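What follows is calculated from the coordinates using simple rules that are stated; it is not laboratory data. Owing to the predicted nature of the structure, the values given are computational and were not obtained by experimental measurement. Every residue, glycine among them, receives a Cβ derived from its backbone with ideal geometry; neighbour counts consider all protein chains shown.
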Amino acid sequence: MNLASRLLVITGLGVAAAGAGVWATGATWEDISHLGQPRNVLEIEGQEIRVPQAQSSGARLAPAVAASTSGDHAFLFEEDGEPTRYDPCVALAWVHNPEGMPAGAQGLVERAVADIEVYTGLVFDFEGETSELASFDRPLIQDRYGERFAPIVIGWSDEQETADLAGSTAGLGGSSSVTGAYGDQRFLAAGVVILDREDLADLLEEPGGLERAESIIRHELAHVVGLGHVDDPTELMHTENMAAASWGPGDRYALAVAGAGPCQ
Ligand SMILES: [Zn+2]
């Protein structure tokens, strides 16, 4: 099949929002500044786990990007009219599982992450390779990553392993919406990007395929930072995007807003 004429669908998944509860006992000294303010808990695999505290200096790591454009845009999670976002005062840890990565794709993921940093003002921190299979069923907190939300994981799969990649779907991306450690602020955490190794391998053999493959990864990373799909085909966040190779004005606005969330 000629991929140049084939529709590649890139899909965003909003991951189930984790609920807040109250942890009654077991305050540690880090909690003293929040005395009288119960720490939220998450239920993960049937166990109540205290929401990790942000290791934040209270200041942004990089300047916010001016939201100076306008156009069609959407956010995956909104609460009281505000999008749910990553905390811009901590680095967004990410890991890569290169298992199954197509030949010629080396560098694509790093370039796409660097691009998202530029347009959001968020800082990503590459922690290395992982053997974790990228999946939306991943636990939000895992022993392998310690007592914190799991880093963003980017991995390669196929439609046998990941049913949502069936047909022309070339990638999936999203994050979980979780409560902060205290109060009722919500943040994104534990993002996932799953790339279809077969679709992208085919695409990389096409003229211009490298650029289009990078656009797919950028689209999925935009879902990770909270962007949803739009109807305007000139935006990279169009549902069945293959027309746009670069961010449209609505994309750029939404990426700037996605990076301008509150510190925890
Ligand atoms: Zn999508």
Handout entry: Farthest toward positive dipole pole in region 17-258 [+1 Lys/Arg, -1 Asp/Glu at C-beta], among Ser177, Val65, Gly209
Key = Val65
Problem - Gain on full stretching of the segment that runs from Glu129 to Glu48 - 0.36 nm per residue minus C-alpha separation - result: 26.3 nm
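Using only the alpha carbon atoms of region 47-98, find the Kirkwood hydrodynamic radius as the inverse mean reciprocal pair distance, in angstroms to one decimal. Display every interim value, and only then the final one.
On the way: mean 1/r = 0.0684 Å⁻¹.
Result for region 47-98, one decimal place: 14.6 Å.
Normalised radius of gyration for region 17-258, please: alpha carbon Rg relative to 2.2 N^0.38 Å, two decimal places. Present the calculation step by step, with values, prior to reporting the outcome.
Values: Rg = 18.3 Å, N = 242, 2.2 N^0.38 = 17.7 Å.
Taking the Cα Rg and dividing by 2.2 N^0.38 Å, one obtains 1.03.
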Handout entry: Dipole of region 17-258, positive direction: furthest Cα of Ser56, Val41, Val225, with charges on the beta-carbon
Key = Ser56
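Could you work out the relative contact order of region 17-258, using alpha carbon pairs under 8 angstrom and six or more residues apart, expressed as a whole percent? Don't skip to the answer; put the middle values down first.
Details: 492 pairs, mean separation 63.6, N = 242.
RCO, region 17-258: 26 percent.
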